[in-house]
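Student: Below is one structure. I have some questions about it.
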There are 4 protein chains.
Amino acid sequence: MAAAPVRIFVTGGTFDKEYNELTGTLAFKDTHLHEMLSLGRCRLDVSIRTLMMIDSLDMTDADRAIIVEQCRAATEARIVITHGTDTMIDTAAVIAAALPPAAGKTIVLTGAMIPYAFGSSDGLFNLGSALSFVQVLPPGVYVTMNGRDFSWNAVRKNRETGVFEALHHGGTIPFSTG
Amino acid sequence: MAAAPVRIFVTGGTFDKEYNELTGTLAFKDTHLHEMLSLGRCRLDVSIRTLMMIDSLDMTDADRAIIVEQCRAATEARIVITHGTDTMIDTAAVIAAALPPAAGKTIVLTGAMIPYAFGSSDGLFNLGSALSFVQVLPPGVYVTMNGRDFSWNAVRKNRETGVFEALHHGGTIPFSTG
Amino acid sequence: MAAAPVRIFVTGGTFDKEYNELTGTLAFKDTHLHEMLSLGRCRLDVSIRTLMMIDSLDMTDADRAIIVEQCRAATEARIVITHGTDTMIDTAAVIAAALPPAAGKTIVLTGAMIPYAFGSSDGLFNLGSALSFVQVLPPGVYVTMNGRDFSWNAVRKNRETGVFEALHHGGTIPFSTG
Amino acid sequence: MAAAPVRIFVTGGTFDKEYNELTGTLAFKDTHLHEMLSLGRCRLDVSIRTLMMIDSLDMTDADRAIIVEQCRAATEARIVITHGTDTMIDTAAVIAAALPPAAGKTIVLTGAMIPYAFGSSDGLFNLGSALSFVQVLPPGVYVTMNGRDFSWNAVRKNRETGVFEALHHGGTIPFSTG
């Protein structure tokens, strides 16, 4: 049985940052997703589309509207989004508001703490993880980092450690807004 | 909510092969799993145990009996086994015969085409994939390679391409033994 | 015959830059020189001393005075200095003014366009080059980049290409074959 | 002044070994020299010619005759030869017998303990070293490993450590300054 087709939307983030040797600064050029899928010998039916190539701290409401619209328009039911980690959860919340589980789409956001181009990146691990979760999780919006999957409204990034942690919802937080 | 604990059993395979610079040959030393989990910033509750460190073409029935026994004895319900790709499916079949789904264990075998130590390995991608599938798949024995999960009896390794492919069962193969 | 002892002075520069994954910025921590010498299986009698760990654009006259003083005080006649490429030639000129060939010291400055920690660095090539030139060149101050050695006053960094190029001196070298 | 042109002859050796993922064995394909020179941002006037692609333990007298003939025929006065480390010194001796210093050629043999393709190789360091020594050493045949240059008849490979060591000649060099 063939694996279900997966759409990957690239938005930039640390995942795709590179070192510009003439300026000595970090910058974006092209996505490394094709190279990463090749390295991972990935044989899923994947199509990649770069929506933007930005630092997630620079992501605007208009950018997020583009992402939502592309998720809505995608013919694939399974979508992975590469995204900077700083506002990944914010974008996940916007997508979740627009595309509830009833929309029938499983959407997984992932990123990296170290650029793939720098050799010692967590990106390849995270990509393997995201592409796996997206195939088996029920419709909904998820964040995948650190080998774990989190529902969009049950996770936070710990800024001190860089680790994504589960939020412990209890009865005491009746109106969580994610 | 904390992620469920995962046991990793290391058996060797290409995953952990190294280059011995004095002899100019490939050999095993210690496992790279700890380093790989660290690189992937994995925050699962994982415990690693090396059962053997061998080429899977050298794996004997006695070796497989050890693996089965360790899977049975593990207190974790979720188990990843790193294994050479050449006989990974054979070992999966032996485990499946001993531990049917009713045993309540989700067991995922994975490996690599290129040694992790050689820099351009698929190992980190496969490890991210295996650790993700093992958390969400129902009890059973699976093989994870090329970004895909296969039931142990629905997959073959294509020796010409090195790719793991789905076996297409149909009504015409009523008594498949894997 | 044993190779002559070599002193390495570390001043920072792109060579030793790292990616800080919590802030998403480039920064200095410890030098990578020990790791690089180990990777290169270097068997020279080398002693490494870190004088500073800064971007060469931030290097002050006081910093250069420290470098000069350390070169003067070193018991070794052969010295390699790792340095950012932007002002490497300026520092070389200051050293050359203080330590003319009669001082009996062969001093080679080198650097990198890509941080060693980023995997695809020119640093290891440049280090092999600098350590070789320093063993055989006569007393004087040199810059080694791009596989070449340049006298401190016969080189410029081309800012558009990042390449170190020979300066073509005029009337003072009447029969240049350049 | 332009740097003198350098000829590189490729003969194989660990330098250029690769991992064949279908057979799980080490093998030769194409040379990595072009990629290595590019990574090192080498700006020498270099031309590369692959003479053979073999393990140096398999090198025959006929192979060495080819190398000698190519060294003789090269228009460049400066030649680097990449070679397996096991018989590098034997080949150097054959070249030295055919091309004494009076032939006017500086010939440097180098190699690697770890294949370049495996990421943690000493090859890039050794290449930077060999290309530097070849530009400045007087005519003769040399071996460059471990950051050092050795005359072809004053070096041995220590098989236990993999390190190239200076031979201490006896009575024929009465006033060695060691």
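The values are calculated or read from the model by the stated rules, or taken from the named source; none is laboratory data. A quick note: this is a predicted structure, and the numbers were derived from the prediction, not measured. We place every Cβ from the backbone using ideal geometry, glycine too, and count neighbours over all the protein chains shown. Heavy atoms of the whole protein, side chains included, go into the accessibility calculation; ligands, DNA and RNA do not. Shrake-Rupley method; radii C 1.70, N 1.55, O 1.52, S 1.80 Å.
Student: List every residue pair whose Cβ atoms lie under 6 Å apart, where the two residues are 6 or more positions apart in sequence or sit on different chains, the first residue falls within the stretch D:18-44 and is among the hydroxyl-bearing types (Ser, Thr, Tyr), and the second residue, located anywhere, is open to solvent by 30 Å² or more (accessible area, probe 1.4 Å).
Tutor: From residues that are among the hydroxyl-bearing types (Ser, Thr, Tyr), the pairs are D:Thr31/D:Thr50.
Student: When you scan the stretch C:128-145, do you find a residue that is more than 26 Å from C:Glu76 (Cα to Cα) and at pLDDT 95 or above, even just one? It would help to see each step written out before you state the result.
Tutor: In the first step, residues of the stretch C:128-145 are kept if they are more than 26 Å from C:Glu76 (Cα to Cα); the result is none.
So far as the stretch C:128-145 goes, no, none of its residues is more than 26 Å from C:Glu76 (Cα to Cα) and at pLDDT 95 or above.
Student: Let me ask something else. If only one of C:Ala130, C:Ala112 is under 12 Å from the mean Cα position of the chain (by Cα) and part of a loop (DSSP other than H, G, I, E, B), which one is it?
Tutor: On the way: C:Ala130 fails: part of a loop (DSSP other than H, G, I, E, B).
Of the residues listed, the single one that is under 12 Å from the mean Cα position of the chain (by Cα) and part of a loop (DSSP other than H, G, I, E, B) is C:Ala112.
Student: Sort out for me the strands (runs of 3 or more DSSP E) sitting completely within the stretch C:1-72 that have 1 or more residues that are within 12 Å of another protein chain (Cβ to nearest Cβ) and open to solvent by less than 30 Å² (accessible area, probe 1.4 Å).
Tutor: Values: elements: C:6-12, C:17-20, C:25-28, C:46-54.
Correct list: C:6-12, C:17-20.
Student: Sticking with this one: So which residues in the stretch C:108-149 are farther than 20 Å from C:Thr14 by Cα, without any contact (Cβ under 8 Å) to a residue 40 or more places away in the chain and in contact with a Leu (Cβ under 9 Å, 6 or more places away or on another chain)?
Tutor: The initial filter retains those residues of the stretch C:108-149 that are farther than 20 Å from C:Thr14 by Cα, namely C:132-141.
Now restrict to residues that are without any contact (Cβ under 8 Å) to a residue 40 or more places away in the chain: C:132-133, C:136-138.
Passing the criteria: C:Ser132, C:Val136.
Student: Further question on the same structure: In this structure, is C:Thr87 open to solvent by 60 Å² or more (accessible area, probe 1.4 Å) and of a type outside the set (Phe, Trp, Tyr)?
Tutor: Taking the combined requirement at face value, the residue does not satisfy it.
Student: Regarding A:Thr85, is this residue in contact (Cβ under 8 Å) with a residue 12 or more places away in the chain, polar (S, T, N, Q) and within 14 Å of chain C (Cβ to nearest Cβ)?
Tutor: Details: in contact (Cβ under 8 Å) with a residue 12 or more places away in the chain: yes; polar (S, T, N, Q): yes; within 14 Å of chain C (Cβ to nearest Cβ): yes.
For A:Thr85, the condition - in contact (Cβ under 8 Å) with a residue 12 or more places away in the chain, polar (S, T, N, Q) and within 14 Å of chain C (Cβ to nearest Cβ) - is met.
Student: Determine whether C:Met113 is at the interface with another protein chain (Cβ under 7 Å from one of its Cβ atoms), out of contact with any helix residue (DSSP H, G or I) (no Cβ under 6 Å at 6 or more places or on another chain) and modelled with pLDDT of 95 or more. Don't jump to the end; show me each part of the working.
Tutor: Values: at the interface with another protein chain (Cβ under 7 Å from one of its Cβ atoms): yes; out of contact with any helix residue (DSSP H, G or I) (no Cβ under 6 Å at 6 or more places or on another chain): yes; modelled with pLDDT of 95 or more: yes.
Answer is yes for this residue.
Student: Identify, by number, the condition in (1) more than 14 Å from chain C (Cβ to nearest Cβ); (2) closer than 30 Å to B:Tyr142 by Cα; (3) modelled with pLDDT under 95 that A:Gly170 doesn't meet.
Tutor: Only one criterion is unmet by A:Gly170, namely (2).
Student: Okay, moving on. Are any residues in the stretch A:132-146 in contact with a strand residue (DSSP E or B) (Cβ under 6 Å, 6 or more places away or on another chain) and either open to solvent by less than 10 Å² (accessible area, probe 1.4 Å) or within 14 Å of chain C (Cβ to nearest Cβ) (or both), and if so, which ones?
Tutor: Within the stretch A:132-146, the subset in contact with a strand residue (DSSP E or B) (Cβ under 6 Å, 6 or more places away or on another chain) is A:133-134, A:137, A:139, A:141-146.
Within the stretch A:132-146, A:Phe133, A:Val134, A:Val141, A:Val143, A:Thr144, A:Met145, A:Asn146 qualify.
Student: Checking the structure you have, find out if any residue of the stretch C:79-93 is over 28 Å from D:Thr144 (Cα atoms), at pLDDT 95 or above and assigned to a loop (DSSP other than H, G, I, E, B). Working first, answer last.
Tutor: Kept after step one, since they are over 28 Å from D:Thr144 (Cα atoms), are these residues of the stretch C:79-93: C:86-87, C:89-91, C:93.
Still in the list and also at pLDDT 95 or above: C:86-87, C:89-91, C:93.
Subsequent filtering for residues that are assigned to a loop (DSSP other than H, G, I, E, B) retains C:86-87.
Checking the stretch C:79-93: at least one residue is over 28 Å from D:Thr144 (Cα atoms), at pLDDT 95 or above and assigned to a loop (DSSP other than H, G, I, E, B).
Student: It is to be established whether one or more residues within the stretch D:93-107 are surrounded by 23 or more Cβ atoms within 10 Å (Cβ to Cβ) and touching a residue at least 60 places away in the same chain (Cβ under 8 Å).
Tutor: no
Student: Quick check on my filter: what residues within the stretch B:1-26 are touching a Lys or Arg at 6+ places or on another chain (Cβ under 7 Å) and more than 30 Å from A:Ala166 (Cα to Cα)?
Tutor: B:Glu18, B:Leu26
Student: A follow-up question, please. Please give the number of the condition D:Val80 fails out of (1) crowded, with 23+ Cβ neighbours inside 10 Å; (2) touching a Cys at 6+ places or on another chain (Cβ under 7 Å).
Tutor: So D:Val80 meets the others, but not (2).
Rundown of residues vs (1) within 7 Å of another protein chain (Cβ to nearest Cβ); (2) modelled with pLDDT of 95 or more; (3) open to solvent by less than 20 Å² (accessible area, probe 1.4 Å); (4) farther than 24 Å from D:Thr23 by Cβ, yes/no style:
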residue	(1), (2), (3), (4)
B:Phe125	yes, yes, yes, no
B:Trp152	no, yes, no, yes
B:Lys157	no, yes, no, no
B:Ser176	no, no, no, yes
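Student: With the checklist (1) modelled with pLDDT of 95 or more; (2) within 8 Å of another protein chain (Cβ to nearest Cβ); (3) in a loop (DSSP other than H, G, I, E, B) in hand, flag the one item D:Ser120 doesn't pass.
Tutor: Of (1) modelled with pLDDT of 95 or more; (2) within 8 Å of another protein chain (Cβ to nearest Cβ); (3) in a loop (DSSP other than H, G, I, E, B), only one is false for D:Ser120: (1).
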